[in-house]
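Participant: Let me begin by handing over the structure; questions about it come next.
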Amino acid sequence: MKINELIYQTPEMTEEKLLEIIKKNLYLLEQKSSTLIKRIQTINKYSDDINKLIIKEYDLIQDKKSYLTRSQRELILGFIAYCMILMTKGNENKENSENSIQEAEIIGDNSDGGESI
């Protein structure tokens with residue numbers, strides 16, 4: 001599914017917000033593969049902002065028209081998925097996340113078949 005289709009189906013997502021999150025977390029992609037960013041820029045002849053090029057490359061991967069290697073494609077897919085998760089989770093604060101984890105652990109530890117709290 002392309003980025004525009006994902007954004008259309010989820011009201012809390014916008015392309016601008018996704019671009020902002022990509023920009024903030026681009027260092028993660030650079031840490032995994034320092035040549036990937038250069039490769040994407042080379043393929044696209046340095047035409048756009050790298051954040052927009054990553055989204056464009058994601059759409060090319062979805063259309064099976066990407067010229068990246070399999071491992072590079074997987075990095076882009078994983079990175080965009082991570083950014084989309086950050087975007088949808090952006091409204092939650094850390095305390096709510098910790099409470100959810102604790103509740104999941106209580107339910108998961110219920111091995112005797114009784115009701116959990």
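Participant: Output the qualifying pairs, or none if there are none: Cβ atoms under 9 angstrom, residues six or more apart or on different chains, first residue in the stretch 61-78 and farther than 21 Å from LYS45 by Cβ, second residue exposed (fewer than 14 other Cβ atoms within 10 Å of the Cβ) and of a type in the set (A, V, I, L, M, F, W, C).
Facilitator: GLN62/MET1
Participant: Sticking with this one: Which condition number does LYS45 fail, the rest of (1) in a loop (DSSP other than H, G, I, E, B); (2) at pLDDT 90 or above; (3) among the charged types (D, E, K, R) being met?
Facilitator: Answer for LYS45: the failing condition is (2).
Participant: Output the residues belonging to the stretch 37-51 that are surrounded by 15 or more Cβ atoms within 10 Å (Cβ to Cβ) and within 22 Å of LYS24 (Cβ to Cβ).
Facilitator: ILE37, ARG39, ILE40, ASN44, ILE50, ASN51
Participant: While we're here: Could you list, in sequence order, all residues of the stretch 15-29 that are in contact (Cβ under 8 Å) with a residue 40 or more places away in the chain and closer than 15 Å to ILE76 by Cβ?
Facilitator: Within the stretch 15-29, LEU18, ILE21, ILE22, ASN25, LEU28, LEU29 meet the criteria.
The values are calculated or read from the model by the stated rules, or taken from the named source; none is laboratory data. Since the model is a prediction, treat every value here as computed from it, not as a measurement. Cβ: placed from backbone, ideal geometry, glycine included. Neighbour counts: every protein chain shown.
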